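Data first, discussion second: the structure below is written as structure tokens.
The values are calculated or read from the model by the stated rules, or taken from the named source; none is laboratory data. Treat the numbers as computed from the prediction; the structure is a model and nothing was measured. Cβ: placed from backbone, ideal geometry, glycine included. Neighbour counts: every protein chain shown.
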Ligand SMILES: C[S@@+](CC[C@H](N)C(=O)[O-])C[C@H]1O[C@@H](n2cnc3c(N)ncnc32)[C@H](O)[C@@H]1O
């Protein structure tokens, strides 16, 4: 995730964190986007405390980050963005959880972030708390993106923010699975777009939830798997992130796993 998209996520999260409900991320990977969310939750809390806004929270909104930590398709051996350093020597499988925990500890946000290790659809099926913000950045096959959207969007409270990463309108720029759920949210489910930065889209759920919400509708069934979009894995750029905004979180050198435009890099 490049800094300008991270800051757009941060700004959306500041807005959402001033309301009620947790901020939930699908796709922790090594924690880069999680830090933006945690910094936003804290900034909103500090702002509310300084203005003594009785109607807003005085403790940071909980940030929940969810991942099975086995990596997406593009992280597996033989794929372009496989990182052998992330393979557990005992199981022989990708395991990003230790890196995530180290990143959150180093950033000093462990008290703000709750880590859930599990499959997105499985956790969605037992989730019960209305969300202030939902950030979808998990698997990028059609099956994965559809499962994330249909499983989690119903948990977003009216007026809540839905943020989707790697939305490419032009198939020449990247995989279309995130774009398809973005279109479903806009065209069918009563969301409207409030911001677009790079491949990051911020949508807001209408205050009145549509009758055909994803949870109650079998429409737009997940298609078969399609190849994930191209990705680039580069280290974060704390200098550029910090210079982009005086309120920007200090993102350390965190592994980035953004799916990106074929012509660009994260
Ligand atoms: C693109 S990376 C997330 C990048 C991260 N948001 C960032 O900006 O640094 C996608 C992550 O989704 C996770 N993932 C893929 N499918 C999943 C599923 N069904 N349930 C939970 N996590 C999943 C992968 O393990 C991977 O870590």
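Remarks
- In region 153-172, the residue that is farthest from the ligand (Cβ to nearest atom) out of those that are in contact (Cβ under 8 Å) with a residue 40 or more places away in the chain and more than 18 Å from residue 12 (Cα to Cα) is 172.
- The criterion of at least 1 residues that are at negative phi and loosely packed, with under 15 Cβ neighbours inside 10 Å is met, among strands (runs of 3 or more DSSP E) falling completely within region 104-198, by 113-117, 156-164, 191-197.
- From the list 59, 65, the lone residue that is under 25 Å from residue 156 (Cβ atoms) and without any contact (Cβ under 8 Å) to a residue 24 or more places away in the chain is 59.
- Test result for residue 19, at pLDDT 95 or above and in contact with a strand residue (DSSP E or B) (Cβ under 9 Å, 6 or more places away or on another chain): no
- Across region 115-145, the qualifying residues are those that are touching a residue at least 40 places away in the same chain (Cβ under 8 Å) and more than 11 Å from the ligand (Cβ to nearest atom), and the one among them that is nearest to residue 105 (Cα to Cα) is 115.
- The listed residues are 69, 82, and the only one of them that is within 16 Å of the ligand (Cβ to nearest atom) and at positive phi turns out to be 69.
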